[in-house]
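Novice: Take a look at this one; I'll ask things after.
We did not get these values from a lab; they are worked out from the coordinates using the rules stated. The shown structure was predicted, so the numbers you read here are calculated from the model rather than taken from an experiment. Cβ: placed from backbone, ideal geometry, glycine included. Neighbour counts: every protein chain shown.
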Amino acid sequence: MIELSSRQLPDLNAWLADGPPGAIALAEHALLTGTGHWWADRAHDPRAVVVACADHVLFRGDPTALAPLALARFAAHHAQAPARFLPLLGSAFDLLVPWERMVYLLREPQAVVRPPRGVTVRRLVAQDAEVLGALSAPGVDVSWVHASWGGPVELAASGHCWGAFRDGGLVAVACTYFRGTAYEDIACVTLPAHRRQRLALACVTALCRDITARGHLPSWTCSRDNRASRLLAWTAGFRLADEYVHYAVGQPVRPAVGLVG
């Protein structure tokens, strides 16, 4: 398996037309921002392609064109792939756990959400990188929210993130997680001590105004089991559009020492 340069990429529509909005946006985001990677079994006329960004990876094409050992680099990722890839993934990793995913699209008008007294909701700028990087709470890892951009510096400077500030600190954010040419798949997080105050809703609403102004459609992807995320999506005007399954994969079945992809 070889990594493709931007000049070698195959036609995205031909490979991803059957995917949910978030998957399409992931592949385009990997290309547009340079934070992800594309692989194929060969550079010319590939039979299988793989796209990875943050801890997500997409598989398309013919699974017989890929060797299980070549997938070791995707350990501990969330894999989205057609069912025909399951034997390959099962032989490559020691764990393969299905997660049902729900895809929502913004369909309803959004009401103006006024934050509570003492809270300011605004778009983040480059100078907010430090406060974004400091967003944390005991026992809660929120670094994933900027992983798809390469880190807090890149996300803060992107213009694609809104935050709720209280007493000078950032307590909630909503951002474009994967930016595509048609869809922008969003993510949000609120620190536990500041939940149930509609802070995430205020950030999401402002972010969606930006997205629609760019001529894109906001999408929202979450686990079926994440009731809080589903409720927030519905309250923000999103409606269910699709469902699919992705897989949390474990560690490589064999050591990757000396692996040549």
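Novice: Using the beta-carbon distance between residue 153 and residue 17 and R0 = 30 Å, what value does 1/(1 + (r/R0)^6) give for FRET efficiency, to the nearest 0.05?
Specialist: The computed FRET efficiency comes out at 0.30.
Novice: Moving to a separate point now. Assuming R0 = 25 Å, can you tell me the calculated FRET efficiency for the pair residue 141 and residue 2, based on Cβ-Cβ distance, to the nearest 0.05?
Specialist: Efficiency computed from Cβ-Cβ geometry: 0.15.
Novice: Right, here's the next one. I'd like the distance between the alpha-carbon centres of region 136-154 and region 1-52, rounded to an integer number of Å.
Specialist: 24 Å
Novice: To continue, here is another question. Could you give the dipole magnitude of region 61-174 about its Cα centre, charging the beta-carbon of Lys and Arg +1 and that of Asp and Glu -1, in debye to the nearest 20?
Specialist: Using Cβ point charges on Lys, Arg, Asp and Glu, region 61-174 gives about 380 debye.
Novice: With viscosity set to 1.002 mPa s and temperature to 20 °C, compute the Stokes-Einstein D of the chain, Rh being the Kirkwood radius across alpha carbon pairs; µm²/s, no decimals.
Specialist: 112 µm²/s
Novice: Amide H neighbours of residue 62 under 5 Å, at least 5 residues apart or on other chains, H built in the peptide plane: list them.
Specialist: 48, 49
Novice: Ok, one more. In a shell of Cβ-Cβ distance under 15 Å around residue 196, excluding residue 196 itself, what net charge do Lys and Arg (+1) and Asp and Glu (-1) give?
Specialist: With Lys, Arg at +1 and Asp, Glu at -1, the neighbours total +4.
Novice: Next question, about the same structure. For region 84-167, what mean projected area does the convex hull of the alpha carbons give, in nm²?
Specialist: So the mean shadow area of the Cα hull is 9.6 nm².
Novice: Let me ask something else. Restricting the calculation to Cα positions, tell me the Rg (one decimal) and the Dmax (whole number) of region 2-100 in Å.
Specialist: Values for region 2-100 (Cα only, Rg and Dmax): 12.5, 35 Å.
Novice: How charged is the neighbourhood of residue 28? Take every other residue with its Cβ under 13 Å from the Cβ of residue 28, and add Lys/Arg as +1 and Asp/Glu as -1.
Specialist: Spelling it out: positives minus negatives among the neighbours equals -2.
Novice: If the label point is 7 Å along Cα→Cβ of residue 227, which residues in region 178-196 have backbone nitrogen under 19 Å from it?
Specialist: Residues 190, 192, 195-196 qualify, since their backbone N sits under 19 Å from the label point.
Novice: With n ≥ 4 as the cut-off for DSSP H runs, can you work out [θ] at 222 nm for the chain, using -39500 (n - 2.57) per run divided by the number of residues, rounded to the nearest 500?
Specialist: For the chain, the value works out to -6500 deg cm²/dmol.
Novice: Which of the peptides 62-68, 232-238 is most tightly packed, and how do the rest follow, going by the mean number of other Cβ atoms within 10 Å of each residue?
Specialist: 232-238, 62-68
Novice: Using the C-alpha atoms of region 105-243, what convex hull volume per residue, in cubic angstrom, is computed?
Specialist: Once divided by residue count, the hull of region 105-243 is 108 Å³.
Novice: Return P(r) of region 11-65 (all Cα-Cα pairs; 5 Å bins starting at 0; whole %; ordered from short to long distances).
Specialist: Bins of 5 Å from zero give 4, 20, 34, 25, 15, 3, 0 percent of pairs.
Novice: Let me check I've understood the local charge: for residue 177, count other residues with C-beta under 13 angstrom from its C-beta, Lys and Arg +1, Asp and Glu -1. What total comes out?
Specialist: -4
Novice: Does a label point 7 Å from the Cα of residue 108, set along Cα-to-beta-carbon, have any residues of region 4-24 with amide nitrogen under 11 Å, and which are they?
Specialist: none
Novice: If you don't mind, another one. Taking the chain as a whole, which cysteines find no other cysteine Cβ under 4.7 angstrom from their Cβ?
Specialist: Unpaired cysteines in the chain: 53, 188, 203, 208, 222.
Novice: Set the Förster distance to 35 Å, then compute FRET efficiency between residue 240 and residue 45 from the Cβ-Cβ distance, nearest 0.05.
Specialist: Efficiency at R0 = 35 Å is approximately 0.40.
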